Each structure stands twice: as structure tokens, then as C-alpha cells.
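The values are calculated or read from the model by the stated rules, or taken from the named source; none is laboratory data. For clarity, every value in this text was computed on a predicted model and none was experimentally measured. Positions of Cβ are backbone-derived with ideal geometry, glycine not excepted, and every protein chain shown enters the neighbour counts. These accessible areas exclude ligands, DNA and RNA; they are computed on the full protein's heavy atoms, side chains included. Shrake-Rupley method; radii C 1.70, N 1.55, O 1.52, S 1.80 Å.
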Amino acid sequence: MPHPLSSTQIHTEVGPTPLGDGHSAPELMWYLGASKRSVLGNHFCEYFISDPPCMVLDKLECKGFHVLSKREVGWTLVWCLHKDSLSHTEEQIGHPFYA
């Protein structure tokens with residue numbers, strides 16, 4: 001998952017922060033403490049994190065992601081992030097799903 005999307009509506013000081021869709025990397029969502037849910041009226045799932053966007057971006061930075069762009073779409077702010085590819089062995093180090 002080299003390009004996760006993070007967004008928030010109106011307030012950036014508090015959570016929850018939507019992050020990715022139902023097909024996002026489950027290991028990364030577990031690390032962030034995100035939960036998958038579907039909002040009434042939507043036919044898709046999203047991950048939500050109770051932390052505000054600044055904390056989510058800090059956690060993603062610790063995992064090697066960096067912000068490529070930020071856009072405002074109506075009342076929503078959207079950040080696009082990128083992580084350089086690592087070898088499969090490097091990604092496994094210290095991760096509980098690979099133990």
C-alpha cells in the first residue's frame with residue numbers, strides 16, 4: 001500500500017479520521033488502531049481512526065510514509081501519502097503478523 005489516503009471533514013483538531021477504504025492494508029490499519037465500518041447509505045466500507053489527522057500523519061511518518069499532496073474538496077481535507085518500496089524481508093522485521 002504505497003499510497004494511502006487520509007481525509008477529514010471540517011475539523012482537523014479532533015478525530016475521527018477516515019483513512020483508506022475497505023481494501024486498505026489490514027496490517028497498517030491494525031498498527032494505526034483503525035476500525036472498519038460502513039456509513040449508512042454508502043455501499044462501501046472505510047477505516048476510521050479515533051485520532052485527529054495530525055496524529056495519524058505522525059504515525060504514518062513513523063512507518064515511512066510522507067505526504068505527497070493535500071487538497072481541499074468542499075468541507076473535506078484530503079492527504080495523499082507515499083511510501084518507498086522495501087524488500088519483502090525488510091517489511092517483515094518486527095511486525096506481529098509475520099512472527
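How about segment 29-59: which of its residues are in contact with a Cys (Cβ under 6 Å, 6 or more places away or on another chain) and at pLDDT 90 or above?
If the condition is that a residue be in contact with a Cys (Cβ under 6 Å, 6 or more places away or on another chain) and at pLDDT 90 or above, then 36 is the only one that fits.
Of all residue pairs spaced 6 or more apart or on separate chains, none has beta-carbon atoms under 7 Å together with a first member in segment 30-58 that is free of Cβ contacts under 8 Å to residues at least 60 places away in the same chain and within 20 Å of residue 79 (Cα to Cα) and a second member that is of a type in the set (Val, Ile, Thr) and open to solvent by 90 Å² or more (accessible area, probe 1.4 Å). Residue count for segment 28-40 satisfying the condition of being open to solvent by 60 Å² or more (accessible area, probe 1.4 Å) and assigned to a loop (DSSP other than H, G, I, E, B): 3. Can we say residue 19 is open to solvent by less than 60 Å² (accessible area, probe 1.4 Å) and either of a type in the set (Gly, Ala, Ser) or at pLDDT 90 or above (or both)? In short, no.
For segment 47-85, the set of residues classified as assigned to a strand (DSSP E or B) and more than 17 Å from residue 21 (Cα to Cα) consists of 65, 66, 67, 68, 69, 70, 71, 72, 73, 83, listed by residue number.
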